[in-house]
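Novice: Please find one structure pasted underneath; my questions will follow.
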Amino acid sequence: MDMTPLSSTILVAGGAGFIGSHLCEALLGQGHAVICVDSFQTGRRENLSALLGHPRFRLVEADVEDLPPFRDRLDQIYNLASPASPPAYQADPVRTMMTNVVGTNNLLALAEQTGARLLQASTSEVYGDPEVHPQPEDYAGHVNCNGPRACYDEGKRAAEALCFDYLRAGRAEVRVARIFNTYGPHMQCDDGRIVSNFICQALSGQPMTIYGNGEQTRSLCYVSDMVDGLIALMEVADTPDGPVNIGNPREFTILELADLIGREAATELSPVFRPLPKDDPRRRRPDIARARALLGWAPRVPLEEGLKKTVPWFAQELQRPLAACGAAAQPAKVPQ
Ligand code: NAD
Ligand code: UDP
């Protein structure tokens, strides 16, 4: 039987980011009190504009590497604090690694101290450039430990190791979600990810930038499905004895995505081809059998429907002053 109280106090580290801000909103909607901890390295206050005056919402501006003491009775901790887009996590790779290792350890120590259950936002990047397809959780991955993506991939792998060490030692109750590519409102126009790049390029009359030949694949999950999956994993009564993939298994080539997004944004510009970043995974698709069996969860929003909510949101963003969203004027950030 799940002992989570009906109304919990929940700390969301990285709550001002893309996924974190939707998660904070959903948790408030369920009647919980939410403490958002964020350094604003890649997150934005605008993502929280609907939440900032809420009586059950508190914002603590802090770095998880240097966590302030909390006197609250905490029931749950979500750790989403980490840059997520390749250009963002490669901008300061040492900091990315330390955020994931030191930051996760600090939050695990807080979970141990308070008895809160912790959910770690891990990533499909732990599978690297996978040689098994689709990727089940028991696949150990194919990661280059000294390439430009290693700060993130290995940082997240080390964070998973810490989580399961705390769990095995009985020091904290931990759940690990391996998040696959997610999209939706609150992404940043200029964060360099595929959906934000393609939509903002299409809406501002620039050709979409295809890296490599565009035959590589990704499987895109709409953010509301992701948030539902994370909450289901946090709430499930029995602790899964390993990580759980959360993502949408429908797989597209990058060229197919450019075509779909172009149609949704009503552009007919031909794409341009750019060099493929080093270590860019060739195929990615989650095996979600474990999430279906343990959580009764599966994504519900098809890509076409998710894009219908995402494209108009970006169109509004592009109307904002350039200081807030520079994508229309600046070239997209490109990872190494
Ligand atoms: P995001 O960059 O929008 O959000 C991350 C948030 O963490 C930001 O608000 C940022 O300011 C904050 N942050 C970063 N370093 C911090 C630190 N040291 N201390 C405190 N706060 C810090 O990214 P997102 O897409 O919302 O991703 C959220 C989480 O999910 C990340 O941990 C990411 O690795 C994971 N994830 C995301 C995806 C995806 O497709 N979006 C895929 C796999 C994994
Ligand atoms: N990509 C692309 N053009 C862009 C941005 C990304 O072709 O403008 C490709 C990128 O090379 C990768 C895929 O889209 O193969 C997804 O990239 P993203 O940065 O969104 O996430 P990743 O899954 O690589 O972390």
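Novice: Determine the gain in length on full extension of the stretch E256-L52; use 0.36 nm per residue of separation and subtract their C-alpha separation, reporting nm with one decimal.
Specialist: The E256-L52 span can extend by a further 69.6 nm.
Novice: Can you send over the solvent-accessible area of H32, 1.4 Å probe, protein chains only, in Å² to the nearest 10?
Specialist: 10
Novice: Next question, about the same structure. Under the rule of at least 5 residues apart or a separate chain, name every residue whose amide H is placed under 5 Å from the amide H of C221.
Specialist: Counting only residues 5 or more places away or on other chains, the set is T182, Y183, N248.
Novice: Then there's this: Can you give me the long-range amide H partners of L59? Hydrogens built in the peptide plane at 1.01 Å from N, cutoff under 5 Å, separation of 5 or more residues or another chain.
Specialist: C36
Novice: What spacing in nm lies between the two simple spin-label points modelled at T239 and F164, each 7 Å away from Cα in the Cβ direction?
Specialist: 1.4
Novice: Here's another thing I want to ask about it. Taking +1 at the Cβ of each Lys and Arg and -1 at the Cβ of each Asp and Glu, which of C200, P275, A237 sits farthest along the dipole of the chain towards its positive end, judged by Cα position relative to the Cα centre?
Specialist: Of the candidates, C200 comes out farthest on the positive side.
Novice: Could you give the dipole magnitude of the chain about its Cα centre, charging the beta-carbon of Lys and Arg +1 and that of Asp and Glu -1, in debye to the nearest 20?
Specialist: Taking the Cα centre of the chain as origin, the dipole is about 320 debye.
Novice: Only four residue types carry charge here, +1 at the Cβ of Lys and Arg and -1 at the Cβ of Asp and Glu. Report the dipole size of region 112-199 about the Cα centre in Debye, rounded to the nearest 20. Write out the running numbers ahead of the final one.
Specialist: On the way: 9 positive and 13 negative charges, 51 e Å.
It comes to approximately 240 debye.
Novice: Find, among the trypsin sites (Lys or Arg not before Pro) in region 169-236, those assigned to loop by DSSP (not H, G, I, E, B) with at most 12 other beta-carbon atoms within 10 angstrom.
Specialist: Here no trypsin sites (Lys or Arg not before Pro) fit, given the DSSP loop and packing criteria.
Novice: What base-10 log of the normalised intensity I(q)/I(0) is obtained for region 65-213 from the Debye formula, alpha carbons as equal point scatterers, at q = 0.11, 0.17 Å⁻¹?
Specialist: -0.49, -1.04
Novice: What nm value, rounded to one decimal, do you get for the distance between D66 and D138 when each label is placed 7 Å out toward the C-beta?
Specialist: Going by the 7 Å Cα→Cβ label model, 4.5 nm.
Novice: What is the spin-label model distance, in nm, from D92 to E131 if the labels are put 7 Å beyond Cα along the C-beta direction?
Specialist: 3.6
Novice: Taking the Cα atoms only, what angle lies between the long axis of helix 18-29 and the longest principal axis of the chain, rounded to 10 degrees?
Specialist: 50
Novice: Classify region 62-144 from the C-alpha gyration tensor, please: rounded if a/c falls under 1.5, else prolate or oblate depending on whether a/b exceeds b/c.
Specialist: Details: a/c = 3.11, a/b = 1.59, b/c = 1.95.
Oblate.
Novice: Follow-up question, since we're still on this one. For the chain, what is the calculated [θ] at 222 nm in deg cm²/dmol (nearest 500), taking -39500 (n - 2.57) for each run of four or more DSSP H residues and dividing by its residue count?
Specialist: Only helices count here, giving -10000 deg cm²/dmol.
Novice: Moving on. Under 14 Å from a point 7 Å along the Cα-to-Cβ line of R274: which residues of region 149-189 have their amide N that close?
Specialist: The answer is 189, whose backbone nitrogens lie closer than 14 Å to the label point.
Novice: Let me ask something else. If you fit an axis through the alpha-carbon atoms of helix 223-235 and take the longest principal axis of the Cα set of the chain, what angle between them do you get, 0 to 90°, nearest 10?
Specialist: That helix lies at roughly 20 degrees to the long axis.
Novice: For region 148-241, what is the charge dipole size about the Cα centre, in debye to the nearest 20, if Lys and Arg each add +1 at the Cβ and Asp and Glu each add -1 at the Cβ?
Specialist: Dipole magnitude for region 148-241 comes out near 220 debye.
Novice: A further question on this structure: Specify the angular offset, from 0 to 90 degrees and rounded to the nearest 10, of the alpha carbon long axis of helix 104-114 from the longest principal axis of the alpha carbons in the chain.
Specialist: 30
Novice: Which of these, A84, A237, A177, has the largest mean-square fluctuation under a Gaussian network model of the chain (Cα springs below 10 Å)?
Specialist: Looking only at A84, A237, A177, the largest GNM fluctuation is found for A237.
Novice: Check which residues have an amide H placed less than 5 Å from R117's amide H, if you skip close sequence neighbours.
Specialist: Here the answer is Q76, I77, since their amide H atoms fall under 5 Å of that of R117.
Novice: Say the dipole of region 132-233 comes from +1 at the beta carbon of Lys and Arg and -1 at that of Asp and Glu; which of Y211, T182, N144 then lies farthest toward its positive end?
Specialist: Projecting each Cα onto the dipole axis, the largest value belongs to N144.
Novice: May I ask for the Kirkwood hydrodynamic radius of the chain, worked out over all distinct Cα pairs and given in angstroms to one decimal?
Specialist: Value: 20.1 Å, from the Cα pair sum.
Novice: Short version: ³J(HN,Hα) in whole Hz for each residue of region 195-204, in order, from phi by Karplus 6.51 cos²θ - 1.76 cosθ + 1.60 (θ = phi - 60°), x for Gly and Pro, what are they?
Specialist: Karplus-based 3J(HN,Hα) across region 195-204 equals 5, 5, 4, 5, 5, 5, 4, 4, 6, 9 Hz.
Novice: Taking every pair of distinct Cα atoms and averaging 1/r, then inverting, what Kirkwood hydrodynamic radius in Å comes out for region 113-168? Can you show the working numbers first?
Specialist: On the way: mean 1/r = 0.0807 Å⁻¹.
Mean inverse Cα-Cα distance, inverted, gives 12.4 Å.
Novice: Looking only at Q30, Q216, Q316, which one moves most when the chain is put into a Gaussian network model with springs between Cα atoms under 10 Å?
Specialist: Highest fluctuation among the options: Q316.
The values are calculated or read from the model by the stated rules, or taken from the named source; none is laboratory data. In this text the structure is predicted, and so the values were computed from the model without any measurement. Cβ: placed from backbone, ideal geometry, glycine included. Neighbour counts: every protein chain shown. Ligands, DNA and RNA are excluded from the accessible area calculation, which covers all protein heavy atoms including side chains. Shrake-Rupley method; radii C 1.70, N 1.55, O 1.52, S 1.80 Å.
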